[in-house]
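The values are calculated or read from the model by the stated rules, or taken from the named source; none is laboratory data. Computed from a predicted structure; not experimentally measured. Don't worry about glycine lacking a Cβ; one is built from the backbone with ideal geometry, like all the others, and counts go over all protein chains shown.
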């Protein structure tokens, strides 16, 4: 089995990195947190044009997938650059609608997938066992609510509320709306959506962790104390080495889960996805704690860009269910 990304996948990551570096994503994230979505919408369209959302959709609906490994590659970069918006949720919604189409319910996919895949609109959703709130419902055109044996298009949402990460606004979806699937098909599609949400969140967490590590290494190299760079102190080196080990341990779990999802072994994929979600959640949390400590008082300053990744790290760790829930899933075998 090949465990390394191929040249095309690495080129894809580099192209996304270059595009997002030029886009000033920290400014877009701050604007998004303030309720100004224009820069975030422009980013979403560019991400859609790069094919990120198409990775979860079949060719019949203007996609190129499903390609979970490439999706993981993309979401590492999206996390590395702190891109705001319901990115994971859009991919999960695409996966849900594509699954319904595969199960003989094509109408919802025909209506929504072309726009979502191209980046012209975002989607958000709630899934059983993953909490009652939808992310960025006020910035999403497609609102999907799965639960109680059905999937429906919600007619709207309640007033959004702030979360730990100001760039992640949460809202309850309103009851009612068109039921697009029920019974076994609804449960199957919701389960598939949660699989893709877990994969994308784990990959995004990994990217956030690497960004925190890179920024902290750059900071301790430049800051001096007692006439020497802080980064030359053995205790600091050991702390950052621990962060790198955690991230490097989590990385193959993410891509291994993507391979399992690609190969269609649902039981193995769900165990692997749960393990990846746990490992990346712990790794990014460790990266955030180290970054905060090693930046000192500066790390607590909201105006300093590091805060964008610090807050996202904590929010992603608990997204789609807490670490305890995903640990239980590993123990239960999926």
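The set of residues from region 13-32 being crowded, with 18+ Cβ neighbours inside 10 Å and out of contact with any helix residue (DSSP H, G or I) (no Cβ under 6 Å at 6 or more places or on another chain) comprises 20, 25, 30.
Do the conditions hold for residue 146, that is, is it part of a helix (DSSP H, G or I) and either closer than 21 Å to residue 315 by Cα or assigned by TED's automatic domain parsing to the domain that holds residue 29 (or both)? So residue 146 fails the test. Screening 165, 138 for residues that are surrounded by 14 or more Cβ atoms within 10 Å (Cβ to Cβ), closer than 29 Å to residue 274 by Cβ and either in contact with a helix residue (DSSP H, G or I) (Cβ under 6 Å, 6 or more places away or on another chain) or not assigned by TED's automatic domain parsing to the domain that holds residue 288 (or both) leaves exactly one candidate, 165.
Restricting attention to region 68-89, report how many residues are farther than 20 Å from residue 135 by Cβ and either part of a loop (DSSP other than H, G, I, E, B) or over 18 Å from the mean Cα position of the chain (by Cα) (or both).
The total comes to 0.
Taken over region 120-132, the criterion of being at pLDDT 95 or above, touching a strand residue (DSSP E or B) at 6+ places or on another chain (Cβ under 7 Å) and outside any strand (DSSP E or B) is satisfied by 121, 127.
All of 155, 160 fail the test of being surrounded by 17 or more Cβ atoms within 10 Å (Cβ to Cβ) and either touching a residue at least 12 places away in the same chain (Cβ under 8 Å) or not assigned by TED's automatic domain parsing to the domain that holds residue 25 (or both), apart from 160. In region 230-255, the qualifying residues are those that are in contact (Cβ under 8 Å) with a residue 60 or more places away in the chain and within 30 Å of residue 196 (Cα to Cα), and the one that is surrounded by the most Cβ atoms within 10 Å (Cβ to Cβ) is 254. Taken as a whole, the condition of being more than 14 Å from the chain's Cα centre (by Cα) and modelled with pLDDT of 95 or more applies to residue 274. Given the structure, is residue 181 over 24 Å from residue 82 (Cα atoms), in contact with a helix residue (DSSP H, G or I) (Cβ under 6 Å, 6 or more places away or on another chain) and at pLDDT 95 or above? Yes: the conditions hold for residue 181.
Contact annotation: no residue pair with Cβ atoms under 9 Å, 6 or more positions apart or on different chains, pairs a residue in region 13-25 that is within 20 Å of residue 306 (Cα to Cα) and not assigned by TED's automatic domain parsing to the domain that holds residue 49 with a partner that is at pLDDT 95 or above and surrounded by fewer than 18 Cβ atoms within 10 Å (Cβ to Cβ). Of the candidates 35, 65, the single residue that is assigned by TED's automatic domain parsing to the domain that holds residue 98, touching a helix residue (DSSP H, G or I) at 6+ places or on another chain (Cβ under 6 Å), outside any helix (DSSP H, G or I) and modelled with pLDDT under 95 is 65.
Screening residue 288 against (1) surrounded by 20 or more Cβ atoms within 10 Å (Cβ to Cβ); (2) on the phi > 0 side of the Ramachandran plot leaves a single unmet condition, (2). Within the option set 124, 216, 115, being over 18 Å from the mean Cα position of the chain (by Cα) and either crowded, with 23+ Cβ neighbours inside 10 Å or not assigned by TED's automatic domain parsing to the domain that holds residue 46 (or both) holds for one residue only, 216.
If a residue has to be at positive phi, touching a residue at least 12 places away in the same chain (Cβ under 8 Å) and exposed (fewer than 13 other Cβ atoms within 10 Å of the Cβ) to count, how many in region 293-334 make the cut?
Final tally of qualifying residues: 1.
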